1. Could you tell me, in Å, what Rg and Dmax come out for the Cα atoms of the range 1-123?
2. Would you mind telling me the share, in percent, of accessible area of the chain contributed by carbon and sulfur at probe 1.4 angstrom?
3. Mind scanning 174/209; 114/174; 114/377; 175/379; 174/350; 174/378 and naming the pairs with a C-alpha gap bigger than 30 Å?
4. About the Cα centre of the range 181-326, what is the dipole size in debye to 20, counting +1 per Lys and Arg Cβ and -1 per Asp and Glu Cβ, all else neutral?
5. With the Cα gyration tensor of the range 229-271 giving a ≥ b ≥ c as the square roots of its eigenvalues, does the rule (a/c under 1.5 for rounded; else a/b larger than b/c for prolate; else oblate) give rounded, prolate or oblate?
6. Let me know the whole percent of all Cα-Cα pairs from the chain that are separated by more than 33 Å.
7. Where Rh is the Kirkwood radius over the Cα pairs of the range 143-235, the temperature 4 °C and the viscosity 1.567 mPa s, what D in µm²/s does Stokes-Einstein return?
8. On a 0 to 90 degree scale, rounded to 10, what angle separates helix 607-628 from the longest Cα axis of the chain?
Amino acid sequence: MIDFALQNAWLVPLLPAIAFAVIGLFTMSLPRLSACIALAFMSASFILAIMVGIGVLNDAELIEKPLEYASTWFSMPGLTIEMGVLIDPISAMMLFVVTLVSLLVQIYSLGYMKDDPGFARFYAFLSLFSATMLGLVISNNLLQMFIFWELVGLCSYLLIGYYYHKHSAREAAKKAFMTTRIGDFGLLLGILFLQIFFDTLNFAELAEKIPVFSTFGVSAGALTLVGILLFLGPVGKSGQFPLHVWLPDAMEGPTPVSALIHAATMVVAGVYLVARMLFLFAELPEAAALIAWVGGFTALFAATIAVAQVELKKILAYSTVSQLGFMMLALGVGSTSASLFHLMTHAFFKALLFLAAGSVLHALHGKVSIWEMGGLKKKMPVTAGAFLVGGLAIAGIPPFSGFFSKDEILVVVKDYNVGLYLIAAVTAFLTAFYMWRMIFVTFFNEEKADNHAHESPLSMRIPLYVLGFLAIVGGLVGTPWTPKSWNFFYWVRTGEYHALHAHFDVIATSVLLAAAGIGLAYWIYVRGAAANRAGLLAERFRPVHTLLYNKYYIDEFYMWINRMVVGGVSAAVYWFDIHVVDTIVNGLGKISLWLGSTFRKAQTGRMQQYALIMFVAIILIVLVLVIADPASATNGLGGGK
């Protein structure tokens, strides 16, 4: 079975793609059957992903030499395009995480979306989304990855705009699609340059050629430009500053979509691409430093915004932006293991938090502000427990999963640059503060009399149990003392190994900062009148609070740019079109009309007039010839002997 899974890993994305086709073509009018089909195919895909993971962990050769097979898709002289599969510890871990979260989201949606009129359409979109993300994960070359990359963007557009009858949902979907296209244009240019420079887009072949790029006539400056262009794609897809603006607005989609997009699928595609291409950035210290500083700034920037947000899902959205910044920061300093370790643990606790948030919104019938909630721990104990576990994990409290992965990032960052380490440490403090601010206000404040909350149905609680368990123990698979036989991250530790137990200063500082953040949130929002104390603080620091609440006015700035620059250019082009282009075109038309009306007077239809004109023309020609050359004219008229 394991050998079958390894040799047929292409079935992992194919199965949910088949589910999408079957639902879309045959069972769209049968919502429950559509859900069963989606769940059955996703379960089979998950089982295959587990088998692939076991096969990778049990085969040391796959660590040194990944399993790769491909077939030619298109070939012409000078260009061959392949569609292939690449199986190594990175892709095996991603297959497990994506299929697990996708399956749990589909189970959760049975209860959350049960009364939705588009139930079957929703499951079709979920299946297609999972298929495209899984296809991206196993791609063995950049072109194939880019194709699935764009399909993931398309699916995110469909899911964010699922409630297409809502103006806000339509606008959010368009915003996500257009913003990520900016980064994708740079990514496409980078891919084209790599093909031109090295005549291949295969990851293994690029890994061999790029370290000796000078032998191909490529300068360091040109390769650095290519690296920056490639990074633009992840900046858009993974919500890095300044292309982060689409991600919080993606909350317009159903909550299961938010969990899927913001936990383990679309938003980590950029992180996965940078990790897969880290052999390129290892040769480009300037580009790697750019990744590190963009990631560090994004982490801190988004954390400060989350401090002032009041909508439950918006807080979690900016938390996702911040955590993605952490992952990019780790990649920028050269640690694939720390970044992907945090990617995995983040998938567990962030999916848990989003699905728990969905339970709250489901119970309160659409109330979104945390200040409209309160006292929910008594009526929703399972959901409250899920939030507590997720909050402890993301804050980095031991022994929860986030503690191990976040601290490994702090360790590698401290060894790289003290300034970046301070940024990461402050971000860790703010993360604990704003997450527990949300938890205390939502579950521990005074209960609202008009809230008739209830615990979610079993189909929505089962994913919370599974993800809660993984959020507690998931970090144990990547610790320095974990046996390599079940450690996905062992393979990248050569050359970047950092034993956490040898960095007690980082561990102690991290835990103290997390505890301080939780304690500050408790003091402000639990002890005494939480709303009054929070209101007094907001009033005392009104300019800062307003700035953070309005997200530094980045969206407003983009709208101003659109009005002033794009709108100004449009107005100038419109004026030029009306007053210059149209004037020239209309002028030529008027000249043609004038010429026609003038010369048509010569066309009378009278034969006598035409004959007279011809006679006069002959006389004029003869006169011209005589005047120009009398002798030749005379000879031409017969004057010679």
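The values are calculated or read from the model by the stated rules, or taken from the named source; none is laboratory data. Every value quoted in this text rests on a predicted model; they were computed, and no experiment measured them. We place every Cβ from the backbone using ideal geometry, glycine too, and count neighbours over all the protein chains shown. We work out accessible area using only protein heavy atoms, side chains counted, and drop any ligands, DNA or RNA first. Shrake-Rupley method; radii C 1.70, N 1.55, O 1.52, S 1.80 Å.
1. Cα-based Rg and Dmax for the range 1-123 come out at 17.3, 56 Å.
2. Details: 19250 of 27430 Å².
Roughly 70 percent, rounded to a whole number.
3. Working: 174/209 39 Å; 114/174 27 Å; 114/377 25 Å; 175/379 37 Å; 174/350 25 Å; 174/378 40 Å.
Going by Cα-Cα distance, 174/209; 175/379; 174/378 fall outside the 30 Å limit.
4. Numbers: 6 positive and 9 negative charges, 51 e Å.
In debye, rounded to 20, the range 181-326 gives about 240.
5. On the way: a/c = 3.63, a/b = 1.68, b/c = 2.16.
It comes out oblate by the Cα gyration axes.
6. Working: 104444 of 205120 pairs.
Of all Cα-Cα pairs in the chain, 51 percent lie more than 33 Å apart.
7. On the way: Rh = 14.7 Å.
My calculation gives 88 µm²/s for D.
8. It is inclined by approximately 80 degrees.
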